[in-house]
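Data block below; observations after.
The values are calculated or read from the model by the stated rules, or taken from the named source; none is laboratory data. This structure is a prediction, so every number in the text was calculated from the model and none was measured. No Cβ is skipped: glycine too gets one built from the backbone with ideal geometry, and neighbour counts run over all protein chains shown. Surface areas here come from the heavy atoms of the whole protein model, side chains and all, with no ligands, DNA or RNA. Shrake-Rupley method; radii C 1.70, N 1.55, O 1.52, S 1.80 Å.
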Amino acid sequence: LDIFFSNAVKNDLIHKNPLDAVNIPQSQKQVKEVRALTRDEQSAYMKALDNTRLKPLFLTCLFTGMRMGELMALDWNHVDLKKGEIKVEFSFKETRIHDQGKSYWKLLKQPPKTSSGLRTIPIPQEIIKLLKAHKATQDTLALRLGKDEFNKEKLVFCSEVGSPLSSRNIQRTHYSICKKIGLEGVGFHALRHTFATRMIEENVPVKTVQYWIGHSSIEITY
C-alpha cells in the first residue's frame, strides 16, 4: 500500500503520502486485508462457472468491477452491446420492511450514494459475446413463459421466472463455486477487487480504474 501512495505522490495525484504520519498501534487484532483473486485463482473460478446459470453475472462483475446491487438492478436499456458499454445509474438495496406486525424483505431501486457511482464502463469483447448469448436465451425463455409477464423490468440478470435476483442466492452460488475450487471464505466483493487489481497490473491509469469502479476518491482505489 505504501508503494501505491508513493507512486501517487510522484505522479502529482496526491500531495503527500498519508502513511508517513501513521503510527501503527501494537495490537493483537489484525486488520482484514482486501482480497483479490490471483490470476491462477481467477482462471480456476472462471472454469468452475461452466453450467452455472449465473455465469454471465459473475463474469460481468469480474470484467467490469460492478457492485452486486448494481448488477442486480442493471436493465437492458443501460447496456449498449454495439458500443460495448454499460451505464451504471441504479442499484438495488434489500431492506427489511416492518408493516402491521409482519416483516419482509423488499428490493429498493435507488441511484448511487455519490455522483462517482454514476459512470459508463467499457465491456470487453468476450463479455459482449456472452451477454448477447445470454439475452438470446432470456428472450427464448420469455416467449415460452409469456413475454408480457416475464421480466417486466427488463433486468439483465433475473431469476428463471423473471423476478429480481436475491443477493443471498447470488452469494450462496458464489460460495459454492469457491468451495469447489478450494477458495472458501472468499466473498463476492473479491471479484470487484480482482477487476481493479488486474487493471492496475495491466498499467491502466489508476484515475481510470477509480472512475470505472465508482470510488469517490483515488486514495480509496490505491
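Table for the structure above
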| read-out | value |
| --- | --- |
| Search result, residues across the range 107-118 that are under 22 Å from P164 (Cα atoms), open to solvent by less than 100 Å² (accessible area, probe 1.4 Å) and not in a helix (DSSP H, G or I) | L107, L108, K109, Q110, P111, P112, L118 |
| Tally of residues being of a type in the set (A, V, I, L, M, F, W, C), part of a helix (DSSP H, G or I) and open to solvent by less than 40 Å² (accessible area, probe 1.4 Å) across the range 45-95 | 11 |
| All positions within the range 119-146 that are without any contact (Cβ under 8 Å) to a residue 60 or more places away in the chain, under 16 Å from C158 (Cα atoms) and surrounded by 14 or more Cβ atoms within 10 Å (Cβ to Cβ) | K135, Q138, L141, A142, L145 |
| Helices (runs of 4 or more DSSP H) within the range 143-222 that include 1 or more residues at pLDDT 95 or above and not β-branched (V, I, T) | 167-180, 189-201, 206-213 |
